[in-house]
Amino acid sequence: MPQIPGKSIVLTSDTTMMSNYHGGVMLGFAAIMPRAALPNWIFDNLFCPPVPAAPDGSAEIAPCGIRKVEAALLEAGFARDEVTVAHPDHLDKAIGPNTRIVGITHDDPMGKIAVREVEDIIGRGPPFNRSRFLELLSHPLIKEHRPRVVIGGNGAWEVIGEDVKVDHIYLGEAESDFPDVCRKIIGGDSVPPVVRGRAVAGEDIPVNRGATVGGIVEIGRGCWRGCAFCSPANRTLRHRPLPKILDDVSVNLQSGQKDIILHSEDFFSYGYHEGKADGKRILEMVSAVKKLGPKTIDVSHLSLASVHQNQELLRAVSQIVGVGRDQNHMSAWIGIETGSCRILKMHMPNKARPAKIENWPEIVRDCYHLFAEESWLPVASLVLGLPGETRDDVIKTTNLVESLMDYTGLMLPLFFTTIADTKLGKRRGFARQDALPEHWQLVGLCLEYNLRHLKKLHRFYRERMTAGPAIHAALQGVNLMADLVLGKYMKRMKRGEPPN
Ligand code: SF4
């Protein structure tokens, strides 16, 4: 093949990020599995099939973060011809001698989010996401043309201190400073190894130029609750004006995406002022999105405290979206984190606001009851091993999870991981050797919960999925296998023993 000159700025990511996951974004979790656990062809066909590529090698669908970087560069004056969002399997059509920058956006490049639990449970080595990211860094065209490699996105912090072939780590928001960083690199000026991008105002978050993975549309950024382990906690709460949100929805629908996920750290804080959600603006937004005609609408994240404070608003959103009429359910990520009010006070003092921290377990249970009534499926995270956590705190979390066992959803027990630039950024992360028998019992209980609900979740998610019957049959097979393979680990952990 004749050598192409290459685009000046190539934006891309590895195949664990550049996938539409058959329309079921939950399948993306598979990227944390050990690579040795599955042959590549099964992983790629069942869980992370690559996004479609255009004839010029660009990706027809890309993660929302990459789309924002692309839009920011174009709005900052770079020409369309200089910037491309490249498909990772077609980098030969994007990278050449003229390429100066390869910008990689990633949520979990080193697999640090959940890898230690998974490695401990399955014990089969590095996960797919880390392996694929390192492979991308070693791409022969990057080695040959030696563009500057910049890593950005939510997981860029994971690369700090790691011995990987990255020239610059870009933390924070791209719209503010990334165009300038690119100009400096192209102009031969020096750029520090770690760059911290400033936050931009909600109205300055640009409209995407192409479809996003999962049909994700940003409605706002940041969170005011300030949990000590969380990085959105560092970002001021801002929201985007409705016309820009609708433009992003339209770009997705015109590019063939049918399902839309409205993304922020807490859907019910859209338009938040004076300690309250702006119900009128939220309902206006949902109605306007609905009028554009997506097949389904979801929200990405919810704060349980906001849900609890706005129960009638959630019911009104369900009504407009048409849950039970036009789509069988809605789903959202939520953070339970702990069942211990003591741990909440230490590390998440605003988590329950405006309710009292002492009511946290009740708030969680009330929300699950509401979710069940309104057919909203919660994907919940727990954080195990936060500094100062005792046996008694873990038992409280276990009791809370036990009280939720019959509600459909997913429960993800994550070991506390140190994220740079957070309040707990200098503390040591939680590891297998720190785990008490009570921690293993809690992880075992979460595994039991997930195995109990996985088949139902698959049935619910089918309405969003683009996969054919063969893939669905294979996924049902994987569900059955998971019962068999993980069942023995679950029993061991429920006895308070490590999984292996
Ligand atoms: S409520 Fe969620 S997003 Fe906000 S700071 Fe806490 S963990 Fe982070």
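Just for the stretch 17-40: of the residues that are assigned to a loop (DSSP other than H, G, I, E, B) and touching a strand residue (DSSP E or B) at 6+ places or on another chain (Cβ under 9 Å), which one is nearest to His472 (Cα to Cα)? Write out each step before concluding.
Taking the stretch 17-40 first, the residues assigned to a loop (DSSP other than H, G, I, E, B) are 17-18, 20, 24, 33, 38-39.
Subset that is touching a strand residue (DSSP E or B) at 6+ places or on another chain (Cβ under 9 Å): 17-18, 20, 33.
On the way: Met17: 21, Met18: 21, Asn20: 15, Met33: 19 Å.
My answer is Asn20.
Going by the conditions given, is Thr422 in contact (Cβ under 8 Å) with a residue 12 or more places away in the chain, within 19 Å of His458 (Cα to Cα) and in a loop (DSSP other than H, G, I, E, B)? Walk me through how you get there before you give the answer.
On the way: in contact (Cβ under 8 Å) with a residue 12 or more places away in the chain: yes; within 19 Å of His458 (Cα to Cα): no; in a loop (DSSP other than H, G, I, E, B): yes.
Spelling it out, it is not the case that Thr422 is in contact (Cβ under 8 Å) with a residue 12 or more places away in the chain, within 19 Å of His458 (Cα to Cα) and in a loop (DSSP other than H, G, I, E, B).
Do any strands (runs of 3 or more DSSP E) lying entirely in the stretch 152-238 carry at least 1 residues that are within 16 Å of the ligand (Cβ to nearest atom), under 18 Å from Asp266 (Cα atoms) and outside the structural domain of Ala86 (by TED's automatic domain parsing), and which ones are they?
Numbers: elements: 168-172, 194-197, 216-218.
In the stretch 152-238, 216-218 are the strands (runs of 3 or more DSSP E) which contain 1 or more residues that are within 16 Å of the ligand (Cβ to nearest atom), under 18 Å from Asp266 (Cα atoms) and outside the structural domain of Ala86 (by TED's automatic domain parsing).
Have a look at Leu344, Leu404, Leu382 and point out the one that is buried (at least 16 other Cβ atoms within 10 Å of the Cβ), part of a loop (DSSP other than H, G, I, E, B) and not acidic (Asp, Glu). I'd like the intermediate steps shown before the answer.
Numbers: Leu344 fails: part of a loop (DSSP other than H, G, I, E, B); Leu382 fails: part of a loop (DSSP other than H, G, I, E, B).
Only one candidate qualifies: Leu404.
Restricting attention to the stretch 64-75, does a residue exist that is on the phi > 0 side of the Ramachandran plot and at pLDDT 95 or above? Give the steps one after another, and end with the answer.
Within the stretch 64-75, the first condition is being on the phi > 0 side of the Ramachandran plot, and the residues that meet it are none.
For the stretch 64-75, residues on the phi > 0 side of the Ramachandran plot and at pLDDT 95 or above: absent.
Matching residues to (1) under 27 Å from Gly125 (Cβ atoms); (2) buried (at least 17 other Cβ atoms within 10 Å of the Cβ):
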| position | (1), (2) |
| --- | --- |
| Leu27 | yes, yes |
| Pro34 | yes, yes |
| Phe47 | yes, yes |
| Pro55 | no, no |
| Glu60 | no, no |
| Glu75 | no, no |
| Thr84 | no, yes |
| Pro88 | yes, yes |
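Restricting to the stretch 289-315, name every residue that is surrounded by 15 or more Cβ atoms within 10 Å (Cβ to Cβ) and among the hydrophobic types (A, V, I, L, M, F, W, C).
Val289, Ile297, Val299, Leu302, Leu304, Ala305, Val307, Leu313, Leu314
Can you report the number of residues in the stretch 239-256 which are buried (at least 17 other Cβ atoms within 10 Å of the Cβ) and either of a type in the set (Lys, Arg) or out of contact with any Ser or Thr (no Cβ under 7 Å at 6 or more places or on another chain) (or both)?
Residues of the stretch 239-256 that are buried (at least 17 other Cβ atoms within 10 Å of the Cβ), as a first pass: 239-240, 244-246, 248-249, 251-253.
Then drop every residue that is not either of a type in the set (Lys, Arg) or out of contact with any Ser or Thr (no Cβ under 7 Å at 6 or more places or on another chain) (or both), which leaves 239-240, 244-246, 248-249, 251, 253.
So the answer is 9.
For the stretch 239-268: of the residues being of a type in the set (Gly, Ala, Ser) and part of a loop (DSSP other than H, G, I, E, B), which is nearest to the ligand (Cβ to nearest atom)? Spell out the reasoning first.
Filtering the stretch 239-268 for residues of a type in the set (Gly, Ala, Ser) gives 250, 255-256, 264.
From what's left, part of a loop (DSSP other than H, G, I, E, B): 255-256, 264.
Values: Ser255: 29, Gly256: 31, Ser264: 9 Å.
Within the stretch 239-268, the match that is nearest to the ligand (Cβ to nearest atom) is Ser264.
Would you check which residues across the stretch 322-337 are more than 11 Å from the ligand (Cβ to nearest atom) and within 23 Å of the chain's Cα centre (by Cα) and list them? Write out each step before concluding.
Within the stretch 322-337, the subset more than 11 Å from the ligand (Cβ to nearest atom) is 322-332.
Hits for the stretch 322-337 are Gln327, Asn328, His329, Met330, Ser331, Ala332.
The values are calculated or read from the model by the stated rules, or taken from the named source; none is laboratory data. A quick note: this is a predicted structure, and the numbers were derived from the prediction, not measured. Note that each Cβ is placed from the backbone with ideal geometry, even for glycine, and that neighbours are counted across all protein chains shown.
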